[in-house]
Amino acid sequence: MLTETLGPVLIANRGEIARRIIRTVKRMGLRAVAVYSEADADLPFVREADEAVLLGPANPAQSYLDTAKVLEAARATGARSVHPGYGFLSENVAFARAVMDAGMIWIGPSPEAIDKMGDKINARNLMEAAGVPVAAGTREPVTDLSLALKAAEQIGYPVMVKTAGGGGGIGMSVAHDDEGLAKAYEQAARAASRFSGDALDGPAVLLERYIERARHVEVQILGLPDGRVLALGERDCSVQRRHQKVVEESPSPGITPELRERMLAAAVRAGEAVGYLGAGTVECLVDADKQDFVFLEMNTRLQVEHPVTELVTGLDLVELQLRVAAGESPEVSAEPRGHAIEFRVYAEDPKRFFPGPGVIKVWDEPTGDGVRVDSGYAAGDTVTPFYDPLMAKLCVHGADRAEALEKGRKAVAEFAVEGPKNNLPFCAELLENAEFVTGDYDTGLVARMRS
């Protein structure tokens, strides 16, 4: 039984994703254990868990990223399994292994799969060998500017420069000439040093051919213990600021049925190539002509935007993660129904997108048919500067994209937040933007809106 195999489940995360995982864990009859920092002591996820353990100060390094403290909390509460959510320790190979070495179940892919896909250079080489399309780029880490200049000459400008490890758009920039490459390389090298521990004299940097006016489309996969890898549809994540997603939708309005089938098949091959287990995402870039795509990266965890897939398929991806972790290979049907859009509601300035933490004086979520809000806060809570400023995910589902857009306009208008700065005005602006409304947009949309 699941209760005997998995429960209690420790959720090694915070905010809206911890709250969302707790909801499914408790629905399945399992005990949910939360961990929290001093800054998060009064947030809803702490109250809603069956048990909660204080990790330490607000600084993530002393709380959510302290693997020893998280493991001690798991042992102290008798947790049999650990769900990492996204971010923090979710793609930390050493933590995944430590959980398993402690005799607990890791609710995620194997440490080996995380390791293989955690380095973008290794990942793209592995995907190319598996027959997944990749952009022209470097097959080895670029460790100094002279090598970067030689690589750019071979690839051809423009090139995307990024760190070999990490996600969230950190350290990414586009270079159109040698001068721009020098700046981009320095930026990526610093990011590699800061986030990956690489030395500045030898950072792990990757160069790839930059695709102009590309769409960012990703495929949700699910690897089962019986060896099957399923593709559960795609999501369009092209609405981005600073290479970070803001709005996602499913299905993508920017690809043809034929291209969709090829992308889904490639994502399955990608999962099979690493023996993938559980929920993961294969991210791709689609060219401006919507005729072809290339592999971007693979996220070995649950995605922030997973609700749009759940809305169009009727599946609970967290439940599937739990069942797969328990050794089950459930029969899954993923025939899409209708259209879903997710708006990330951030505590940030809606013009320049700078964080704007503060005390929430008013928090009134929209409701209604086809409206879902995954929130981490309530009135009276404080959005602190210590963590990502994501406050909630406002999701809508309609019979088609036109209906989803209309529900989105109504829901955004009804979502009342006062106190911290928030980007709801940007969401309202986006819903009236001609490119977005027609579905004919790309990753440069937000930059054009703010130019």
Requested in this report: Quick one: pull the percent of accessible area on the range 36-136 belonging to carbon and sulfur, 1.4 Å probe, ligands and nucleic acids left out.
Outcome: 49
Query raised in the report: So, by mean Cβ neighbours within 10 angstrom, what's the order for 67-75, 310-318 with the highest one leading?
Result: 310-318, 67-75
**Report entry** Cα shape, the range 381-451, gyration tensor, a/c 1.5 rule
**Finding:** oblate
Requested in this report: Please give the net charge around F95, taking every other residue with its beta carbon less than 11 angstrom from that of F95, where Lys and Arg add +1 and Asp and Glu add -1.
Outcome: -2
Report summary line: Here the residues of the range 387-409 lying in the modelled label zone of D369, meaning backbone nitrogen under 16 Å from a point 7 Å along Cα-to-Cβ, are 396-408
Query - Residue-normalised accessible area of the chain, expressed per residue, 1.4 Å probe, Å² - result: 39
Query raised in the report: Using 1/(1 + (r/R0)^6) with R0 = 25 angstrom and r between the beta carbons of D349 and A58, what's the FRET efficiency to the nearest 0.05?
Result: 0.65
Report task. Taking a cut-off of 18 Å between Cα atoms, list the lysines near K26, but don't count ones fewer than 8 places away on the same chain. Result -> none
Query raised in the report: Of the accessible area of the range 357-451, with the probe set at 1.4 angstrom, what percent is carbon plus sulfur?
Result: 53
Query raised in the report: With a ≥ b ≥ c the root eigenvalues of the C-alpha gyration tensor of the chain, is it rounded (a/c under 1.5), prolate (a/b larger than b/c) or oblate?
Result: rounded
**Report entry** Cα lying deepest toward the dipole's positive end in the chain, options P84, V359, G165, charges on Cβ
**Finding:** V359
Query raised in the report: Do the alpha carbons of any pairs in K69/K361; K245/K407; K120/K183; K245/K410 sit beyond 24 Å of each other, and which pairs?
Result: K69/K361
Query raised in the report: Label point 7 Å out from A68 along Cα-to-Cβ: which residues of the range 22-59 have amide N under 15 Å?
Result: 55-57
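The values are calculated or read from the model by the stated rules, or taken from the named source; none is laboratory data. No experiment lies behind these values; they were computed from the predicted model shown. Note that we place each Cβ from the backbone using ideal geometry, even for glycine, and neighbour counts take in every protein chain shown. Calculation scope for accessible area: heavy atoms of the full protein, side chains included, ligands and nucleic acids excluded. Shrake-Rupley method; radii C 1.70, N 1.55, O 1.52, S 1.80 Å.
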